[in-house]
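The values are calculated or read from the model by the stated rules, or taken from the named source; none is laboratory data. Note that the structure is predicted; figures quoted are calculated from it, not measured. When we count neighbours, we look across all protein chains shown, and the Cβ atoms used for this are built from the backbone with ideal geometry, even at glycine.
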Amino acid sequence: MSVAATIRPGRMAALRRNPTLVAGGIVLGLIVIVAVFAPWLAPYPADAGNATHPFQVLAPPSSAHPFGTDLVGRDLLSRVMFGARISLRLVIEVLVIAGLIGIPLGLVAGYFGGRIDQVIMRITDVFLAFPALLLSLAIAFVLTPSVQNMTIAIAVTWWPWYTRLVRGEAASVTTRPYIESCRVLGVAPWRVLLRHVLPNSMTPVLVQMSLDAGGILLTAASISFLGLGAQDPTPEWGLMVSQGAQYFSTQWWFVTFAGVSILLTAMAFNMIGDGVRELLDPKRVISR
Amino acid sequence: MIRFAAHRLALGVLVVVGVVVLTFLIARVIPGDPAVTYAGPRASKAQLAQTRQQLGLDKSLPVQLADYMKGIATGDWGTSYRTKQPVLSDLRTVLPASIELVTAGLFLALLIGLPLGLIAARYHGGAPDILVRVFSVIGVSMPVFWLALILQLVFAQRLGWLPAAGEYNPNLYYSSPLTSYVQMPVVDALITGNIPVLESTVSHLILPALVIAAYPAGLLARMVRASVLDTLGESHIRMTRSLGFGDLAIYGRWALRPAMNPVVQVTALVFAYSLANTFLVEAVFDWPGLGSYAANSLQSLDTPAIVGVTLIVAIVYVILNLIVDIVQAAIDPRIRLR
């Protein structure tokens, strides 16, 4: 019997016990496909940019425009599809940047302890005293509004959570005998950190990251809704809801489809997060 | 206990100082040359130089920071460009309405979240459990600004069950004027026995409060479910069961109890989170609180007002956190040793 065959039944069983993970994964998979192939799937790719069609402004859903059109006549289905690219990319970028800042700081704080630990942790305390939306809004406010600056603003807000988690984990790993024997053997500290402490401190961070993806998506949509994120031709979902808000009572489609996309994507992320937590099951996951 | 409280208080003060420094960095350092932001893009060189001097930007950064902190400590939070009023007095007028809204929202969240969590735990794995879990995922994944628009459209504009916007019916300004003591209409109306205003405010409060409640309700339902499921396996629950107590007593009293500590903690912490969410909700419902003030300030590029809002929410958060820590340590002595 091949190795794959012996592993597979166990995996399938684990997945069967974890329907949230499977459901979230399927929905997110579809969204990823739409995002990747948007230029080929979207009926009017040019409408994701600054094309205008003055003769079909605010047209209701029809076979030509299944999601209707917006206030300059752009096809909303195409814009929603391209919007998936912006949102997914933003979530990944925020997680990567926040991880790159937060994880090393947490490792250093947890491994070395003492004064450096105190300084790093007090700084994270300050950042954690703000609700994430508030701090990223304040930072986005002083930057020029754009998707890129919004990404930076959210990442700057997000890293302290990972520092805290990694620090706790690294501090407890550091006291274990195998780390002590590394030290006794004279292994360089950076090597101990990277080869031994880091891999053994990552599980809770990975779980937290998968739980955070939905929150990051919602924060970004909120910032764009308030006008400090993506700017007009960009087909960002939060921005689309804000553009359609004043037309909502008469042109319902403008707001509805962009809003549903945010909700569905956030749900997919949150279900995957819950599923991953069940799978890896560390008990110390922060609720935000 | 006193030592623990003093230690926590000192840490809290330290965090507030850090929060002030961070807002200083955001307002003065990140934008590059704040004078350009303050004076506007069309300002001449002479105007820029004047603005720089007015704002004290010609001094060194540490001196600027010291001036800024002195201002914050003595109650001089700057003047809003938009309202031309001192930011602190603006905040004093708008904050109570938001505290009222968020309190109502969290009250609804507890009212919805706790029973749902209990029901999910009681029927663990069954249809009610799955429904509640779906509900809680929707709650925490909901873009609040979108939910606000939808509830307003459906329940106010289409069905006409509830008023669409405002704090209470403006006709009542004349027929039964409200004397304000604390700037919270519900509380003021209760104090003065002003029933028409009370009824009107409560009906205006329901929709925005429901929107605020969505996230915490989902979070609480999920937490209570997990905590109760953990507790159910323990021996004291098996004992109450064998003594013949009914489900209602077992779930409502003994299984829920250990969940209450985290519930209190999360409710307090989610308060500040919800204050930030009012930015997205109040403007839609025209609720005259911190959120509307912040949204207007964002649009008119009113930096002092935004910094003020950011500071006040962070300070509320630190204070609530401090209270939760101390109360929990008072209830559970083990926490003091951590």
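Here are a few things to note about the model shown:
- In the range A:260-273, of all residues being touching a residue at least 12 places away in the same chain (Cβ under 8 Å), surrounded by fewer than 24 Cβ atoms within 10 Å (Cβ to Cβ) and at the interface with chain B (Cβ under 9 Å from one of its Cβ atoms), the one that is nearest to residue A:238 (Cα to Cα) corresponds to A:264.
- Which listed residue is surrounded by fewer than 22 Cβ atoms within 10 Å (Cβ to Cβ), under 30 Å from residue B:21 (Cβ atoms), within 14 Å of another protein chain (Cβ to nearest Cβ) and in contact (Cβ under 8 Å) with a residue 12 or more places away in the chain, from B:261, B:296: B:296
- Subset tally (residues that are modelled with pLDDT of 75 or more and either closer than 15 Å to residue B:110 by Cβ or surrounded by 23 or more Cβ atoms within 10 Å (Cβ to Cβ) (or both)) for the range B:208-254: 20
- On inspection, residue A:138 fails the criterion of being in contact (Cβ under 8 Å) with a residue 60 or more places away in the chain, part of a helix (DSSP H, G or I), under 30 Å from residue B:310 (Cα atoms) and out of contact with any strand residue (DSSP E or B) (no Cβ under 7 Å at 6 or more places or on another chain).
- For residue A:243, the test of being at pLDDT 85 or above, surrounded by 15 or more Cβ atoms within 10 Å (Cβ to Cβ), out of contact with any Gly (no Cβ under 8 Å at 6 or more places or on another chain) and closer than 22 Å to residue A:149 by Cα is passed.
- Of all residues in the range A:223-250, those that are outside any helix (DSSP H, G or I) and within 11 Å of chain B (Cβ to nearest Cβ) total 6.
- For the range A:87-110, the criterion of being modelled with pLDDT of 85 or more, in a helix (DSSP H, G or I) and within 14 Å of chain B (Cβ to nearest Cβ) is met by at least one residue.
- Residue within the range B:238-258 that is among the hydroxyl-bearing types (Ser, Thr, Tyr), more than 14 Å from every other protein chain (Cβ to nearest Cβ), out of contact with any strand residue (DSSP E or B) (no Cβ under 7 Å at 6 or more places or on another chain) and touching a residue at least 24 places away in the same chain (Cβ under 8 Å) present: yes
- Flag for residue B:166 being surrounded by fewer than 15 Cβ atoms within 10 Å (Cβ to Cβ), closer than 30 Å to residue A:254 by Cβ, more than 14 Å from chain A (Cβ to nearest Cβ) and not polar (S, T, N, Q): yes
- Residue within the range A:84-92 that is within 30 Å of residue A:171 (Cβ to Cβ) and within 27 Å of the chain's Cα centre (by Cα) present: yes
- The range B:282-291, subset within 20 Å of residue B:311 (Cβ to Cβ) and among the small types (Gly, Ala, Ser), residue nearest to the other protein chains (Cβ to nearest Cβ): B:291
- Meets criteria (modelled with pLDDT of 75 or more and either over 24 Å from residue B:292 (Cβ atoms) or assigned to a helix (DSSP H, G or I) (or both)) for residue B:5: yes
- Residue list for the range A:124-135, restricted to those being assigned to a helix (DSSP H, G or I), aliphatic (A, V, I, L, M) and facing chain B (nearest Cβ under 7 Å): A:126, A:133, A:134
- Residue in the range A:144-154 that is under 20 Å from residue B:18 (Cβ atoms), modelled with pLDDT under 90, within 11 Å of chain B (Cβ to nearest Cβ) and buried (at least 24 other Cβ atoms within 10 Å of the Cβ) present: no
- Taken as a whole, the structure leaves residue A:138 outside the set of residues that are under 24 Å from residue B:319 (Cα atoms), at the interface with chain B (Cβ under 10 Å from one of its Cβ atoms) and touching a Lys or Arg at 6+ places or on another chain (Cβ under 8 Å).
- Pairs where the first residue, in the range B:141-160, is facing chain A (nearest Cβ under 9 Å) and the second is of a type in the set (A, V, I, L, M, F, W, C) and part of a loop (DSSP other than H, G, I, E, B), C-beta under 7 Å, 6+ apart: B:149/A:248; B:152/B:164; B:153/A:248; B:157/B:164
- Being closer than 21 Å to residue B:215 by Cα, more than 8 Å from chain A (Cβ to nearest Cβ) and modelled with pLDDT of 85 or more is a property that does not hold for residue B:279.
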